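Novice: Quick one: the structure is below, questions incoming.
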Amino acid sequence: MWSVTFQSESRRSKPYKTEKGALKAICKWLKANEEQGIEGHAILIAPDQAPERYDDWQALSFTDESKPDFYQSGKWLRLRMQAFELYGSRCACCGITPAQGAIMHVDHIKPRSKYPELELELTNLQILCEDCNKGKSNLSDKKWR
């Protein structure tokens, strides 16, 4: 069990199950404080180690920006546009369109969490409205189109 004490105007401690979780929380907290102009530090207490003090989120070996967001990548954005061009902008499940007020999503038929090798396959994509996509989640690999 890892523990972090956050110290600025006030002081609070919080336990974490993993070192990565603790470092991510420290990074996020320090970065938010920096953006707001608040001075502070965090102390990480790890099992069987001396406490470590962190004052600068950029000095951490772990940062919350270390892995780029798939959904902001150029490859995904180009593929997403191709899916809309090929399949249209009508929900393949319920049939609603943006003209009817729907927000449209490009859904991975076989979810990325279970089939990461298919994340950039056009044939693994379908157009769903936000409600249908959220309902489907990664619980189903139903092909609606």
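Novice: Is it the case, given these coordinates, that Ile38 is surrounded by 11 or more Cβ atoms within 10 Å (Cβ to Cβ), assigned by TED's automatic domain parsing to the domain that holds Thr123 and either β-branched (Val, Ile, Thr) or touching a residue at least 24 places away in the same chain (Cβ under 8 Å) (or both)? Reasoning before the result, please.
Specialist: On the way: surrounded by 11 or more Cβ atoms within 10 Å (Cβ to Cβ): yes; assigned by TED's automatic domain parsing to the domain that holds Thr123: no; either β-branched (Val, Ile, Thr) or touching a residue at least 24 places away in the same chain (Cβ under 8 Å) (or both): yes.
Considered against the rule, which asks whether it is surrounded by 11 or more Cβ atoms within 10 Å (Cβ to Cβ), assigned by TED's automatic domain parsing to the domain that holds Thr123 and either β-branched (Val, Ile, Thr) or touching a residue at least 24 places away in the same chain (Cβ under 8 Å) (or both), Ile38 comes out as no.
Novice: Something else about it: State all residues of the stretch 124-145 that are farther than 13 Å from Val106 by Cβ and part of a helix (DSSP H, G or I); if no residue qualifies, say none. Before the answer, list the steps.
Specialist: Going through the stretch 124-145, the residues farther than 13 Å from Val106 by Cβ turn out to be 131, 134-135, 137-143.
Residues satisfying the conditions are Asp131, Lys134, Gly135.
Novice: Right, something else. From Ile43, Ile26, Ile96, which residue is of a type in the set (Val, Ile, Thr), at pLDDT 90 or above and in the same structural domain as Leu120 (by TED's automatic domain parsing)?
Specialist: Every option except Ile96 fails the conditions.
Novice: So for the stretch 93-106 (the condition being surrounded by fewer than 17 Cβ atoms within 10 Å (Cβ to Cβ), of a type in the set (Val, Ile, Thr) and in contact with a helix residue (DSSP H, G or I) (Cβ under 8 Å, 6 or more places away or on another chain)), does at least one residue qualify?
Specialist: First, the residues of the stretch 93-106 that are surrounded by fewer than 17 Cβ atoms within 10 Å (Cβ to Cβ): 94-95, 97-101, 103.
Checking the rest, the ones that are also of a type in the set (Val, Ile, Thr) come to 97, 103.
Narrowing further to those that are in contact with a helix residue (DSSP H, G or I) (Cβ under 8 Å, 6 or more places away or on another chain): 103.
Checked against the condition, which is being surrounded by fewer than 17 Cβ atoms within 10 Å (Cβ to Cβ), of a type in the set (Val, Ile, Thr) and in contact with a helix residue (DSSP H, G or I) (Cβ under 8 Å, 6 or more places away or on another chain), the stretch 93-106 yields at least one hit.
Novice: Here is a further query. Hey, could you check the stretch 94-138 for residues that are of a type in the set (A, V, I, L, M) and farther than 17 Å from Tyr71 by Cα and say which is farthest from the chain's Cα centre (by Cα)?
Specialist: In the first step, residues of the stretch 94-138 are kept if they are of a type in the set (A, V, I, L, M); the result is 96, 99, 102-104, 106, 109, 118, 120, 122, 125, 127-128.
So of that shortlist, the ones also farther than 17 Å from Tyr71 by Cα come out as 96, 99, 102.
On the way: Ile96: 27, Ala99: 29, Ala102: 23 Å.
Within the stretch 94-138, the match that is farthest from the chain's Cα centre (by Cα) is Ala99.
Novice: Looking at the stretch 59-78, can you tell me whether even one residue there is out of contact with any strand residue (DSSP E or B) (no Cβ under 6 Å at 6 or more places or on another chain), under 30 Å from Glu39 (Cα atoms), among the polar types (S, T, N, Q) and surrounded by 12 or more Cβ atoms within 10 Å (Cβ to Cβ)?
Specialist: Yes.
The values are calculated or read from the model by the stated rules, or taken from the named source; none is laboratory data. Just so you know, these numbers come straight off a predicted model, no measurement behind them. Cβ: placed from backbone, ideal geometry, glycine included. Neighbour counts: every protein chain shown.
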